[in-house]
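Report on the structure given below.
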Amino acid sequence: MVIYIHIPFCKKKCDYCDFLSAPADDETIEKYVVSLLREIGYHGSKYGKKGEDRNIETIFFGGGTPSILNVNQIEAIMNKLKDEFNIEETAEITMECNPGTADKNKLMAMKNNGINRLSIGLQSADNDELKGIGRIHTYEEFLYIFSVARECGFKNINVDLMSALPHQTYDSYRATLEKIVKLHPEHISAYSLILEEGTPLFDRIEAFNKEGKPNGLPDEDEEREMYYMTKEILEDNGYERYEISNYSLKNYECRHNIAYWVREDYIGMGLGAASCIDNVRMKNIFSLKEYIELKRSESYLDKDETEVLSEEDKMAEFMFLGLRLTSGISTKGFEKQFGKNFDTIYGSITQKHIEDGLLEKNGENIRLTELGRDVCNVVMSSYILC
Ligand code: SF4
């Protein structure tokens, strides 16, 4: 079983972001942590040492900006998790960390409290590009946090990058990739910018489009080129692509994300966090005020957001999550999990994708081809609909 902890606060909202996060004052953050500690206790009594006592293989602090927490809050949350849950000695414990929100003291506190993996949100090594998407930090501030993290003894660091940013060029993206591989982080996540409706960046681009002015975004061909270049540069530098947008040095794949993709049970704690336990999908309430003010007897769950997964849902999830991985899905694993013959359920749709060159067989596994990755959403959603 794995645990996700959501910290929904950021110093300032980035222009492209539609995540559940917002700036908040110190008092609100402190109240949130108090409520979060209570929620950890609630789940601990069900699945922790006082309940079913399931082993915890990974913990991931995401957000928002978890590194906005102060040293005492980080310590209190980690202590509560250790008190309540049976955390495996080798557990991967990640905290997302944004430049501009952490210093040596804080990173040392993270390390001393058991956090053994950092995920640093950089996005670009070009300060104008960072400014253009409303990030609060510069590349130099990232370099500072990266080197301090190494000094503090972090041996497993991810760097988040983004392509297809406004005014980003093929050459500037190449420069970002080349600068980052020289730092040898153990893991690199490289996503394309997705313009989300309702964000300031979306509105800005729309306005340019309406006025018929250049919107600054790379066109589709440039975006594709950047996507292929990511793979080329990262693979040339020893990174293995183990998922559509994730690369790592050998044995440094993110165990937490893999747990989602292979459908392990997860408990999400904190505002709006999602859980899936014993094939029941749940979501926590989305109102910060309500979350902070919950009484001891009240549930953290949003009553309208609980869904019992049917056998069809589970099989479709097995397919569209598993196909994200470079290794693909195991047909034997499917048959073991569902007690059904793979070909009887998905034989014809899979065969069609193989004939179209989108999927390929590799022993008992079925995986996306290069071409299939280009249209992965189409391939994956075909398993939901069939
Ligand atoms: S730091 Fe991350 S979560 Fe916060 S606003 Fe920026 S993109 Fe969103």
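The values are calculated or read from the model by the stated rules, or taken from the named source; none is laboratory data. Because the structure is predicted, anything quoted here is derived from the model rather than measured. Positions of Cβ are generated from backbone atoms using ideal geometry, with glycine treated the same way; all protein chains shown enter the neighbour counts.
Do we find a residue being within 16 Å of the ligand (Cβ to nearest atom) and in contact with a Leu (Cβ under 6 Å, 6 or more places away or on another chain) anywhere in the range 97-118?
yes
If we keep just the residues of the range 15-35 that are within 12 Å of the ligand (Cβ to nearest atom) and acidic (D, E), which is nearest to G270 (Cα to Cα)?
Within the range 15-35, the match that is nearest to G270 (Cα to Cα) is D18.
If the Cβ limit is 8 Å and pairs must be 6+ apart or interchain, which residue in the range 195-206 that is farther than 12 Å from D18 by Cβ pairs with which residue that is among the charged types (D, E, K, R) and at pLDDT 95 or above?
Close Cβ pairs satisfying both conditions: R204/D15.
For the structure I just gave you, tell me whether G100 is at positive phi, under 21 Å from the mean Cα position of the chain (by Cα) and in contact (Cβ under 8 Å) with a residue 60 or more places away in the chain.
The answer is yes for G100.
Are any of the residues in the range 130-140 in the same structural domain as F85 (by TED's automatic domain parsing), farther than 22 Å from Y4 by Cα and more than 16 Å from the ligand (Cβ to nearest atom)?
yes
Would you confirm whether any residue within the range 142-163 is within 16 Å of the ligand (Cβ to nearest atom) and either assigned to a loop (DSSP other than H, G, I, E, B) or more than 22 Å from the chain's Cα centre (by Cα) (or both)?
Checked against the condition, which is being within 16 Å of the ligand (Cβ to nearest atom) and either assigned to a loop (DSSP other than H, G, I, E, B) or more than 22 Å from the chain's Cα centre (by Cα) (or both), the range 142-163 yields no hits at all.
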